[in-house]
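Here the structure is laid out as structure tokens; the discussion comes afterwards.
Derivation of every value follows stated rules applied to the coordinates shown; laboratory data play no part. This structure is a prediction, so every number in the text was calculated from the model and none was measured. No Cβ is skipped: glycine too gets one built from the backbone with ideal geometry, and neighbour counts run over all protein chains shown.
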Amino acid sequence: MINYDELKDIPCYDTWTSIEPINQGFSTDRKFCIKNTNDEKFFLRLSDVTSYDRKKQEHEIIRSMSSLGVPTLKEVDFDLCNSEKHVYMLQTWIDGKLLEDVLATFPETKQYELGLEAGRLLKKIHSLQPKTSFDWYSTRFNQYLSNYEEYKKHGISYEYEQQIDRYIKTNIHLLKDKQISLVHGDFHVGNMILSPIDDLYIIDFDRFDWKNPIEDFYKLAVFSRNVSIPFSIGQIDGYTDFNPSIEFWEMYALSVAMTSFLSLLWGKRISETMYKHRKRLCDILVEDHDCFKNRIPNWYKK
């Protein structure tokens, strides 16, 4: 086994027989698959100590998922390591496959049923409320204006920019007095594991936040929708008890529109290749909503 000096002061390190790095996702955290002398497997996430407070909140949120009935990795240990330079989260391992890797191989009826389950689980996640209230309308609008300004500073010019900006500013009032809850922050088929007995697990809560819950559907619109439309329809039906309201679609379309510029900006910051990829995703969103003339995406059909 390769020695990882930064892990050696984790209490159970001496029982580990295998440490395999996991190189997936965009997070700056380091991830490992751990195996011990009892042939048990664990998931280890290593973060810089500067994120300790947020990681502690994430640790507590994941622990609360069990009581909500949301299947996910279970917390085993959480603390500082590497002479307090890093914070680690040790969790149980789930055998299975990433849903995005296998979803398209299933019949559409099964894809839809998995979407139903995902939507019901997301609704449970959103049942957690913040301890203190705040003005989400002002917070979110200021975030958008700041992102849009940064977008312009990067010299980005998107074909449908003016139409999207006009739609947002016409509908931003919809955020006033809306519910705020815990959001997963990255809820899509790439952060779900399907076990060998078809149990669905939700993973990677590291982008959690407190927002209007419908913001969690943005990743469905840009990622899950491109993997499986039946799944995406199922997620909406499961979340809304088969009856998405006008208010749901208003908030859905506004959330998708508001995140478009941020998505382009994020891609530009990474690389020109990533920017072009994000632009293709935005083009799909624009087409799905007929440049936001329609709140309901054209792929959603009963």
* Using only Cα atoms, locate the centre of region 19-98 and the centre of region 130-168, then give the distance between them in Å, rounded to an integer. => 32
* Return the long-range amide H neighbours of residue 211 (sequence gap of 5 or more, or a different chain), with a cut-off of under 5 Å between placed amide H atoms. => 181, 183
* Asked: Residues with amide H under 5 Å of residue 18's amide H, sequence separation 5 or more or different chain, H placed in the peptide plane at 1.01 Å from N; which?
  -> 35
* Kindly express, to the nearest 10 degrees and within the range 0 to 90, the angle between helix 161-171's C-alpha long axis and the longest C-alpha principal axis of the chain. => 90
* Where labels lie 7 Å past Cα in the beta-carbon direction, separation of residue 95 and residue 68 in nm -> 2.8
* Which angle from 0 to 90°, rounded to the nearest 10, does the C-alpha axis of helix 272-288 make with the longest principal axis of the chain? -> 50
* Student exercise, region 5-92 dipole from Lys, Arg, Asp, Glu Cβ charges, in Debye to nearest 20 -> 280
* Structure fact -> So for R0 = 30 Å, FRET eff. of residue 24-residue 110 from the Cβ-Cβ r, to 0.05, ends up at 0.75
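Give 31/211; 31/153; 169/211; 97/276; 211/276 a once-over and call out the pairs whose C-alpha atoms are over 25 Å from each other. Write down the numbers at each step before the final one.
On the way: 31/211 27 Å; 31/153 34 Å; 169/211 19 Å; 97/276 29 Å; 211/276 28 Å.
Flagged as over cut-off: 31/211; 31/153; 97/276; 211/276.
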* With +1 on each Lys and Arg Cβ and -1 on each Asp and Glu Cβ, how big is the dipole of region 143-233 about its Cα centre, in debye rounded to the nearest 20? -> 380
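When only Cα pairs under 8 Å and 6 or more residues apart are kept, what is the percent relative contact order across the chain?
Working: 464 pairs, mean separation 52.7, N = 302.
It comes to 17 percent, rounded to a whole number.
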* ³J(HN,Hα) across region 99-104 via Karplus (A = 6.51, B = -1.76, C = 1.60, θ = phi - 60°), whole Hz, x for Gly/Pro? -> 4, 4, 7, 10, 4, 5
* From phi via Karplus (6.51, -1.76, 1.60), per-residue ³J(HN,Hα) for region 174-189 in Hz, x at Gly/Pro -> 5, 6, 5, 6, 8, 4, 10, 8, 5, 10, 5, x, 8, 8, 7, 5
* Asked: Between residue 195 and residue 12, what FRET efficiency comes out of the Förster formula 1/(1 + (r/R0)^6) with R0 = 25 Å and r the beta carbon distance, rounded to 0.05?
  -> 0.50
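How much FRET efficiency would the formula 1/(1 + (r/R0)^6) give for residue 209 and residue 280, where r is the Cβ-Cβ distance and R0 is 41 Å, rounded to 0.05?
Efficiency for this residue pair is about 0.95.
Can you give me the orientation-averaged projected area of the convex hull built on the Cα atoms of the chain, in nm²? Write out the running numbers ahead of the final one.
Details: hull surface 67.4 nm².
Hull-based average projected area comes out at 16.8 nm².
State the extension gain, in nm to one decimal, for the chain segment bounded by residue 177 and residue 163, taking 0.36 nm per residue of separation less the distance between their alpha-carbons.
Numbers: separation 14, 0.36 × 14 = 5.04 nm, distance 2.56 nm.
So the extension gain works out to 2.5 nm.
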* **region 159-297, dipole about Cα centre (Lys/Arg Cβ +1, Asp/Glu Cβ -1), debye to the nearest 20** => 560
* Asked: Over region 5-92, what relative contact order in percent results from Cα pairs under 8 Å that are six or more residues apart?
  -> 28
* Simple spin-label model, 7 Å along Cα-to-Cβ: residue 134 to residue 293 in nm? -> 3.9
* Asked: Between the helical axis of 229-240 and the dominant principal axis of the chain, each derived from Cα atoms, what acute angle in degrees is found, rounded to the nearest 10?
  -> 90
* Structure fact -> Residue by residue through region 145-160, the couplings from Karplus 6.51 cos²θ - 1.76 cosθ + 1.60 with θ = phi - 60°, in Hz, x for Gly and Pro, are 4, 5, 5, 5, 5, 5, 4, 5, 4, 7, x, 7, 10, 10, 3, 9
